[in-house]
Amino acid sequence: MDYIFYYHGDIPNHVFDCFRSIRKVEPNSQITLCTNNKKNIEKFKNLNIFTSELAESEQTKTIRELTNRSDHSLWLSSLLRIFYNLNVAKLMKVNNFVHFDTDVVVFKSFEEIKENFNHEKFNITPLNNQLLVFGYSYVGNLEIYEKVCDLVFDIVLNQKYYEKEFLKNQKFNEMAALNIAYRLKPELFNLLQILPNEHSKVVFDPASYGQYISGVHKKLFSKGYATNNHFVGEQILNNNLKPYFNSKKAYVVFNEKKVDLVNLHIHKKNLKKFI
């Protein structure tokens with residue numbers, strides 16, 4: 001399977017730990033990184049590199065201009081990867097690929113979990129009713145993904161309108177933009193299963209399982225973190241399920257049944273501990 005990532009600026013060590021976790025479960029995968037900075041990439045062998053200049057498009061140029069004059073440059077930079085992923089896939093001539101945040105550890109190869117995806121839609125993890133998160137995502141059809149990108153681009157260009165209509169003037173970011181796109185065109189999306197049921201073989205972590213197991217970034221002694229603002233966190237706090245990690249795998253206990261986690265979104269960035 002192709003795994004495509006975008007990273008702007010200096011590349012921290014946890015990014016390479018993320019890549020190592022992929023190689024561990026899927027040695028023959030092709031990992032592609034689009035970046036404006038080649039510093040330290042020699043740390044990871046057999047990495048396919050695209051410069052951001054090579055993968056530029058009118059959409060990325062426009063968002064860059066917004067970034068330069070916006071107070072929200074951080075989320076706009078994060079938003080850029082949605083479009084760079086599309087451009088890189090086009091350059092590579094691939095129709096499907098996996099993408100997730102670079103602070104994610106994976107425990108399952110794509111082949112092990114492929115039955116969980118709709119290969120004609122954009123597959124992604126929901127965090128709550130307002131946010132879709134790149135805990136794990138799979139593009140099964142590039143044409144569909146391009147439609148998602150066009151929709152997100154329109155939402156960004158008309159941010160004030162969509163904030164008023166969908167967010168009640170709450171914080172706007174790429175996760176909110178993706179969720180608005182889903183609400184406008186749900187037929188383009190497949191929301192991955194994040195909560196176990198009696199028939200679950202695996203579940204995906206949008207962010208909450210990783211935060212519970214590893215803690216929250218820049219907060220000491222934050223293991224066991226959960227919040228009612230997350231679908232998963234609400235169920236943890238209600239004692240309906242509990243996540244665990246041992247040296248072999250991550251899993252959730254639900255109704256005395258163990259259900260494997262496909263991934264852990266490690267907010268604390270200490271990925272090496274979980275590989």
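The values are calculated or read from the model by the stated rules, or taken from the named source; none is laboratory data. Keep in mind that this is a model prediction, so the values were computed, not measured. Every residue, glycine as well, gets a Cβ built from its backbone with ideal geometry; the counts of neighbours run over all protein chains shown.
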State whether one or more residues within the range 174-185 are surrounded by 20 or more Cβ atoms within 10 Å (Cβ to Cβ), of a type in the set (S, T, N, Q) and over 19 Å from V252 (Cα atoms).
yes
Starting from the range 78-105, keep only residues that are of a type in the set (S, T, Y), then list their pairs with residues that are assigned to a helix (DSSP H, G or I) whose Cβ atoms are within a distance under 8 Å, requiring at least 6 positions of separation or different chains.
S78/E174; Y84/T60; T102/H14; T102/V15; T102/C18
Just name the residue that is surrounded by the fewest Cβ atoms within 10 Å (Cβ to Cβ) out of those in the range 88-126 that are under 15 Å from the mean Cα position of the chain (by Cα) and among the acidic types (D, E).
D101
Counting residues that are at pLDDT 95 or above, which helices (runs of 4 or more DSSP H) fully inside the range 100-218 reach at least 2?
110-113, 142-157, 174-184, 208-214
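In this structure, does F83 turn out to be surrounded by 13 or more Cβ atoms within 10 Å (Cβ to Cβ) and modelled with pLDDT under 95? Reasoning before the result, please.
On the way: surrounded by 13 or more Cβ atoms within 10 Å (Cβ to Cβ): yes; modelled with pLDDT under 95: no.
Answer is no for this residue.
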Looking only at the range 133-144, filter to residues that are without any contact (Cβ under 8 Å) to a residue 60 or more places away in the chain and under 16 Å from the mean Cα position of the chain (by Cα); which one of those is farthest from I266 (Cα to Cα)?
G140
Looking only at the range 159-200, how many residues end up being without any contact (Cβ under 8 Å) to a residue 60 or more places away in the chain, closer than 27 Å to S109 by Cβ and out of contact with any helix residue (DSSP H, G or I) (no Cβ under 8 Å at 6 or more places or on another chain)?
5
In the range 46-64, which residues are outside any loop (DSSP other than H, G, I, E, B) and surrounded by 14 or more Cβ atoms within 10 Å (Cβ to Cβ)?
N48, F50, Q59, T60, T62, I63, R64
Got at least one residue in the range 198-216 being exposed (fewer than 13 other Cβ atoms within 10 Å of the Cβ), of a type in the set (D, E) and on the phi > 0 side of the Ramachandran plot?
no
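Residues checked against (1) part of a helix (DSSP H, G or I); (2) hydrophobic (A, V, I, L, M, F, W, C); (3) at pLDDT 95 or above; (4) within 29 Å of I194 (Cα to Cα):
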residue	(1), (2), (3), (4)
C18	yes, yes, yes, yes
P27	no, no, yes, yes
T67	yes, no, no, no
V88	yes, yes, yes, yes
L91	yes, yes, yes, no
K248 modelled with pLDDT under 95, in contact with an Asp or Glu (Cβ under 6 Å, 6 or more places away or on another chain) and part of a loop (DSSP other than H, G, I, E, B):
no
